[in-house]
1. With r defined as the distance between the Cβ atoms of ASP326 and THR21 and R0 fixed at 25 Å, what FRET efficiency is calculated, to the nearest 0.05?
2. Binning at 20 Å from 0, report for the chain what percent of all alpha-carbon pair distances ends up in each bin.
3. Where in the chain lies the longest segment free of chymotrypsin sites (Phe, Trp or Tyr not before Pro) that are both loop residues by DSSP (not H, G, I, E, B) and have at most 10 other Cβ atoms within 10 Å?
4. As a test question: what accessible area, to the nearest 10 Å², does HIS90 have when a 1.4 Å probe is rolled over all protein chains in place?
5. Find how much the distance from ASP132 to GLU153 grows on full extension, using 0.36 nm per residue of separation minus their present alpha carbon separation; answer in nm with one decimal.
6. Ignoring ligands and nucleic acids, what accessible area does ASP224 show with a 1.4 Å probe (Å², nearest 10)?
7. Keeping all protein chains in place, calculate the accessible area per residue for the chain (probe 1.4 angstrom), answer in Å².
8. Rounded to the nearest Å, what's the spacing between the alpha carbon centres of segment 157-187 and segment 30-77? Just the number, please.
Amino acid sequence: MTEKTENRPLTIRPRRLRLSTGIRRMVRETIVTPDDFIAPLFVRFGEDEKRPIASMPGQFQLSVDKLAEEAKDIADLGIPAVILFGIPEHKDWCGTDNFSKEGIVPQAIRAIKEAAPDLVVISDMCFCEYTDHGHCGIINMPDNDHYNPELPEGYLLNDPTLELLEQASVVHAEAGADIIAPSGMIDGMVAAIRQALDNNHQSQVAVMSYAAKYSSGFYGPFRDAAESPPSFGDRSQYQMDPANRREALKEIALDVEQGADMLMVKPALPYLDILSDLRRHYDLPTSAYQVSGEFAMIHAAAERGWLDLERTALESITSIKRAGADMIITYFAKDAVKWMG
Ligand code: PBG
């Protein structure tokens with residue numbers, strides 16, 4: 001016999017608050033808005049270029065002229081910020097393009113500021129896209145000026161890299177960047193950049209630190225997008241071990257001490273525990289980076305008809321906000337704004 005009426009003595013029935021769209025709207029705890037988004041952009045050398053990135057549907061490498069149009073579209077959708085990645089024409093051992101005034105990113109910053117003056121421009125500050133070996137700084141090698149025979153070959157030289165980060169940050173700030181976002185997991189990077197900016201009349205420029213950035217397989221498609229795979233080894237001598245949770249709090253504490261204005265956890269979905277720990281311990285505005293692999297995974301499954309693209313993309317974004325992110329860096333930014341209506 002099945003019961004036909006709802007007559008059990010259940011005083012508390014949480015389902016009452018899920019009964020209609022209206023009630024669900026009233027009790028919803030996490031609301032995502034366009035203000036939450038930061039859109040990543042890839043800028044490459046050349047003119048009139050819009051090269052699709054195969055593993056990231058709807059994402060492109062854009063030349064500076066096309067980038068300015070794209071930035072305007074993003075601003076018109078109500079998205080407050082973009083984060084820039086550069087693909088320079090020439091790479092070398094120390095990533096010269098990154099600290100040249102006419103480098104690809106400084107050019108891009110100036111073009112965006114002209115096309116969309118109110119759009120906040122964040123400059124991803126790292127050397128991997130600019131070095132010929134694809135690592136995030138200067139590598140200890142016998143053929144370069146910084147070679148130190150006491151240290152292993154292939155070791156990323158921390159302190160010489162800080163000097164380059166200082167130079168490049170000042171150049172990007174002078175080009176008009178509002179926020180510098182060091183992403184190399186180089187020890188001392190936040191303090192070094194803060195001081196360099198302050199010493200060069202750029203004290204108004206904020207630092208958003210990739211505070212807990214893991215050595216992740218989910219960056220796979222990005223390395224095609226930014227043409228920056230390491231030519232030997234991987235990034236595990238400087239990026240964090242995915243197995244470590246407590247260590248993230250140490251990394252975050254260091255960046256807070258060094259004067260970071262904003263923090264970041266990256267990747268996002270596989271690291272929501274880290275984001276939630278951060279939220280519990282710190283009050284600084286925090287972003288989470290839903291990285292290329294997270295984006296590609298949803299797209300690939302949706303293409304096969306295994307997942308609903310819109311629903312799962314928005315669900316993943318909501319989860320990231322629910323876990324504690326104030327800002328979400330996501331390749332879904334434009335689509336999400338359109339889907340949210
Ligand atoms: C390093 C950088 C990377 C990403 C952002 N900044 C690559 C890496 O650390 O290997 C990855 C972003 C993504 O996968 O979407 N400059």
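1. Here the calculated transfer efficiency is 0.40.
2. 30, 56, 11, 3, 0
3. 1-231
4. Here the accessible area works out near 130 Å².
5. 6.0 nm
6. Estimated to the nearest 10 Å², ASP224 gives 100 Å².
7. So the chain comes to 48 Å² accessible per residue, rounded to a whole number.
8. 22
The values are calculated or read from the model by the stated rules, or taken from the named source; none is laboratory data. Treat the numbers as computed from the prediction; the structure is a model and nothing was measured. Neighbour counts are summed over all protein chains in view; Cβ atoms, including those assigned to glycine, are modelled from backbone coordinates with ideal geometry. The area values use the complete protein model at the heavy-atom level, side chains included, leaving out ligands, DNA and RNA. Shrake-Rupley method; radii C 1.70, N 1.55, O 1.52, S 1.80 Å.
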